[in-house]
Amino acid sequence: MENNRINDISFIGEFLDKELESEFFEYDMQRYSKVLGPVALVFGLIYMLFLISDYFALTDQFSFNVILMIRIMFLVLSVVVSIQFKRINNYSNLALFITAYEMVAITGFLLIMHYYETLTILSFFSVMVMTLAIYIIPNKLFYSQLVSIFLSISFYLFNIKHVTGIENSEFIKIIAYNLIVLMYCNIGSYLTNYYKRKQFVDSKELQKASITDYMTGIYNRAKFSEQLNYLVDDCNGSKSLLSLVIFDIDDFKKVNDTYGHLVGDSVIKKIAAIIKNSIRSTDIFARWGGDEFVMLLPNTSINQAMDMIERIRVRIQDNDFEKIKHITCSFGLVELRSNETVESFLQRADNLLYNAKESGKNMLVYESPITDGQVYKESLQVDSAS
């Protein structure tokens, strides 16, 4: 219920959750970033093409020259804006930038209409075209609504005295058509915004499901393998530290056989939760399969990892698991060697996990490189009865 509430969309076609809306807008503008420039250019060219109607409608040369300058200046502005769109990396303020551009276009349009002695049907048609253009340019729906309403009110408010040769009934019809265009644009834009956001949420959920273990909510094996390959390549190149832990639940088959699979599942979930609350945000934790888990610890030496995993081992050992009471885990820990492959890295950790199992369980077994490049093994173990 809470998740559905967060994903709710307001009457202006935006997520009620501000963080989610910001994330969506960033994503949406990235998709449109390649077309924003060309759209601005087309807008500027169309704005310029209306000079043809100005030429035939105006008899005063001064008025025509002023309008020519306004249209040329807006065309130049559109070229600059189209170039600027290509350079934008931060999309958070893009809506305000687009809105300011539209307001300049409207201001220029209103100034042009001011130089007309009379307004014709074509003048009203221009308002409708401008309204459609406002909704074509990608922007927040709320800003598009404000700009389009400002356009309509300003046009009729400041140019009503120029209306001649149009019957009152026709004038009312023109206003009605303008309102219809506004309603059509708003309804269409709202539906578009609504379904784009619903699709965005569904896409996020599908993406999350594709990388998440369904039972525990942590990463699955596929996502971990992707991260493992990336980090091994990166650390081999940068010579950064990277530690790997493989561990599983001791005697887990006995738990399933004695208490049933539902209890076994609850044990897996609880251990995953304990570890999620014990690791850093930069650590990568995943379910490898069954009762086996893996962790990647970036920028972590073997000694740092050893202290961390030992604390986790004790925390699991001391936890109360309801019917079973006590559960323990065995751990294999290795540090990435210079230019080591993913396969070798995993195999060494898996061998140490097997070593921990064979040596008595409830144990951390690790390899630690020393100054001469040799490798030695140590194990930490507590009384298994504890």
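The values are calculated or read from the model by the stated rules, or taken from the named source; none is laboratory data. What you see is a predicted model, and the numbers here were worked out from it, not measured in a lab. Cβ: placed from backbone, ideal geometry, glycine included. Neighbour counts: every protein chain shown.
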- Message: If I filter the range 222-236 for residues that are closer than 11 Å to residue 286 by Cα, part of a strand (DSSP E or B), modelled with pLDDT of 90 or more and in the same structural domain as residue 269 (by TED's automatic domain parsing), do I get at least one hit?
- Response: no
- Message: Between 198, 208, 276, which is closer than 23 Å to residue 323 by Cα and surrounded by fewer than 16 Cβ atoms within 10 Å (Cβ to Cβ)?
- Response: 276
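Look at residue 169 and say whether it is polar (S, T, N, Q), more than 20 Å from residue 71 (Cβ to Cβ) and over 46 Å from the mean Cα position of the chain (by Cα). If you could, list the steps in order and put the result at the bottom.
On the way: polar (S, T, N, Q): yes; more than 20 Å from residue 71 (Cβ to Cβ): yes; over 46 Å from the mean Cα position of the chain (by Cα): yes.
Spelling it out, residue 169 is indeed polar (S, T, N, Q), more than 20 Å from residue 71 (Cβ to Cβ) and over 46 Å from the mean Cα position of the chain (by Cα).
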- Note on the structure: Considering the range 267-286, residues that are outside any loop (DSSP other than H, G, I, E, B) and of a type in the set (Gly, Ala, Ser), and then whichever is nearest to residue 251 (Cα to Cα), we arrive at 272
- Would a scan of the range 239-250 turn up a residue that is assigned to a helix (DSSP H, G or I) and more than 26 Å from the chain's Cα centre (by Cα)? no
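Among the residues that make up the range 195-206, is at least one of them in contact with a Ser or Thr (Cβ under 8 Å, 6 or more places away or on another chain) and more than 30 Å from residue 335 (Cα to Cα)?
Start the filter on the range 195-206 by keeping residues that are in contact with a Ser or Thr (Cβ under 8 Å, 6 or more places away or on another chain), which leaves none.
No.
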- Task: Go through the range 38-49 and give me each residue that's touching a Lys or Arg at 6+ places or on another chain (Cβ under 7 Å) and crowded, with 18+ Cβ neighbours inside 10 Å.
- Result: 47
- Result of the Cβ filter at 8 Å on the range 330-348, keeping first residues that are in contact (Cβ under 8 Å) with a residue 40 or more places away in the chain and closer than 16 Å to residue 225 by Cβ and partners that are surrounded by fewer than 16 Cβ atoms within 10 Å (Cβ to Cβ) and among the polar types (S, T, N, Q), at least 6 apart or interchain, is 342/229
- Item | Number of positions in the range 315-329 that are crowded, with 16+ Cβ neighbours inside 10 Å and either free of Cβ contacts under 8 Å to residues at least 12 places away in the same chain or in a helix (DSSP H, G or I) (or both) | 2
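Going through 171, 150 one at a time, which residue ends up being modelled with pLDDT of 90 or more, in the same structural domain as residue 78 (by TED's automatic domain parsing), assigned to a helix (DSSP H, G or I) and within 23 Å of residue 118 (Cα to Cα)?
On the way: 171 fails: modelled with pLDDT of 90 or more.
The unique qualifying residue is 150.
Conditions (1) assigned to a helix (DSSP H, G or I); (2) out of contact with any Gly (no Cβ under 6 Å at 6 or more places or on another chain); (3) aromatic (Phe, Trp, Tyr), marked per residue:
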| residue | (1), (2), (3) |
| --- | --- |
| 11 | no, yes, yes |
| 31 | yes, yes, no |
| 34 | yes, yes, no |
| 40 | yes, yes, no |
| 52 | yes, yes, no |
| 55 | yes, yes, yes |
| 62 | yes, yes, yes |
| 74 | yes, no, yes |
- What residue, of 356, 305, is assigned by TED's automatic domain parsing to the domain that holds residue 251, under 35 Å from the mean Cα position of the chain (by Cα), of a type in the set (A, V, I, L, M, F, W, C) and part of a helix (DSSP H, G or I)? 305
- Would you check if there is a residue in the range 118-133 being assigned by TED's automatic domain parsing to the domain that holds residue 43, aromatic (Phe, Trp, Tyr) and either crowded, with 17+ Cβ neighbours inside 10 Å or within 24 Å of residue 42 (Cα to Cα) (or both)? yes
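For the range 77-88, state whether one or more residues are crowded, with 19+ Cβ neighbours inside 10 Å, at pLDDT below 85 and either assigned by TED's automatic domain parsing to the domain that holds residue 189 or under 20 Å from residue 185 (Cα atoms) (or both). Don't jump to the end; show me each part of the working.
Taking the range 77-88 as the starting set, the residues that turn out to be crowded, with 19+ Cβ neighbours inside 10 Å are 78, 81, 85.
Cutting the leftovers down to at pLDDT below 85 gives us 85.
Still in the running and either assigned by TED's automatic domain parsing to the domain that holds residue 189 or under 20 Å from residue 185 (Cα atoms) (or both): 85.
Among the residues of the range 77-88, at least one is crowded, with 19+ Cβ neighbours inside 10 Å, at pLDDT below 85 and either assigned by TED's automatic domain parsing to the domain that holds residue 189 or under 20 Å from residue 185 (Cα atoms) (or both), which makes the answer yes.
Could we say that residue 63 is in the same structural domain as residue 116 (by TED's automatic domain parsing), touching a Phe, Trp or Tyr at 6+ places or on another chain (Cβ under 7 Å) and among the polar types (S, T, N, Q) here? It would help to see each step written out before you state the result.
Numbers: in the same structural domain as residue 116 (by TED's automatic domain parsing): yes; touching a Phe, Trp or Tyr at 6+ places or on another chain (Cβ under 7 Å): yes; among the polar types (S, T, N, Q): yes.
So residue 63 passes the test.
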